[in-house]
Amino acid sequence: MHLERYGSGQNIYFGLHGWSGSCATFAPLACALPDDATLYSADLPGCGKSPAPRRWDLSTVTEEIAESIALVAETPVTVIGNCSGALLGLLATRQLKGKVGRLVLIDPFAYWPWYFRVFVAKSFGRYAYYSTFANPFGRWITNRSLKSKRAAATNLTESFAQVNHDAIYRYLLMLAEIGEIEQFGGLRLPVEIVYGARTFRAVKASVVRWQSLWPQSRCWELAGAGHLPIVEATPQLSEIIFGKYAKPAS
């Protein structure tokens, strides 16, 4: 997997982007990186500069992510998962057995809302995906329709203009296979769950499920942010990840 590295400190952070993202997803956090930190930002297998996985299946992709995390440090790593990258990070963490010391999940879904299921329907799912995300007009319409879920200057579909759509659609199909979050209930490490105040209702409902799964978790609602806190609330998010923030969401 291709990695971008920021900083050279002893505390290691490993970022996994979400659906349609890349290693550039975490670039806004680089300017807030403390001297004692190193941030690795990955291109998932088959995305950005990373070659396709050895096989296009969930277990292989998880193995390659876990291998990359294990290689960056001998000490426990903080894994930062953005959106669907949170789920992939959880799968890799479960394999790594002690190599991950902390999880930061940014706007993570705990279940599949209906609007994702549309894109994996056997009869018309691929057509629905390409019409919505591979088509410039479809992206414009979708971004406009989601204006309540983002800051005014944020474009929720912009990243889809640069991606390999075959790879991104394969990820969508793999994410549909993950199943219920109860499989991650055995994780006992510290967990931070961060979400935008203006994000999707399904994410906010998911936060309740995550908290029920992990009583040790802490949740943070970022005022003014939608589904993209990394760009919409960079200073607050940086404090949560790298420092101390004032007060978790009640």
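Among the residues of region 104-123, the ones that are under 25 Å from Arg201 (Cβ atoms) and either surrounded by fewer than 16 Cβ atoms within 10 Å (Cβ to Cβ) or in contact with a Pro (Cβ under 7 Å, 6 or more places away or on another chain) (or both) come to 10 in all.
Kindly indicate which of Thr93, Thr75, Thr38, Thr62 is under 24 Å from Gly243 (Cα atoms), touching a Leu at 6+ places or on another chain (Cβ under 9 Å) and of a type in the set (Ser, Thr, Tyr).
On the way: Thr75 fails: touching a Leu at 6+ places or on another chain (Cβ under 9 Å); Thr38 fails: touching a Leu at 6+ places or on another chain (Cβ under 9 Å); Thr62 fails: under 24 Å from Gly243 (Cα atoms).
Testing whether each residue is under 24 Å from Gly243 (Cα atoms), touching a Leu at 6+ places or on another chain (Cβ under 9 Å) and of a type in the set (Ser, Thr, Tyr) leaves just Thr93.
Limited to region 217-226, what total is found for residues that are part of a strand (DSSP E or B), under 11 Å from Ala197 (Cβ atoms) and open to solvent by less than 10 Å² (accessible area, probe 1.4 Å)? Selection size over region 217-226: 2.
Yes/no matrix, rows are residues, columns are (1) in contact (Cβ under 8 Å) with a residue 60 or more places away in the chain; (2) within 30 Å of Pro53 (Cα to Cα); (3) open to solvent by 30 Å² or more (accessible area, probe 1.4 Å):
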{"position": "Leu187", "(1), (2), (3)": "yes, yes, no"}
{"position": "Leu228", "(1), (2), (3)": "yes, yes, yes"}
{"position": "Glu232", "(1), (2), (3)": "yes, no, yes"}
{"position": "Leu237", "(1), (2), (3)": "yes, no, no"}
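Anything in region 135-179 that is exposed (fewer than 14 other Cβ atoms within 10 Å of the Cβ), closer than 18 Å to Arg117 by Cα and in contact (Cβ under 8 Å) with a residue 40 or more places away in the chain? List them, or say none. Once the filter is applied, which keeps residues that are exposed (fewer than 14 other Cβ atoms within 10 Å of the Cβ), closer than 18 Å to Arg117 by Cα and in contact (Cβ under 8 Å) with a residue 40 or more places away in the chain, region 135-179 yields only Glu177.
Scanning region 197-216 for residues that are within 15 Å of Leu87 (Cβ to Cβ) and either among the hydroxyl-bearing types (Ser, Thr, Tyr) or exposed (fewer than 13 other Cβ atoms within 10 Å of the Cβ) (or both) yields a total of 1.
The values are calculated or read from the model by the stated rules, or taken from the named source; none is laboratory data. This one's a predicted model, so the numbers in the text were calculated from it and none came from an experiment. Here the Cβ is made from the backbone with ideal geometry for all residues, glycine too, and neighbour counts use every protein chain on show. The area values use the complete protein model at the heavy-atom level, side chains included, leaving out ligands, DNA and RNA. Shrake-Rupley method; radii C 1.70, N 1.55, O 1.52, S 1.80 Å.
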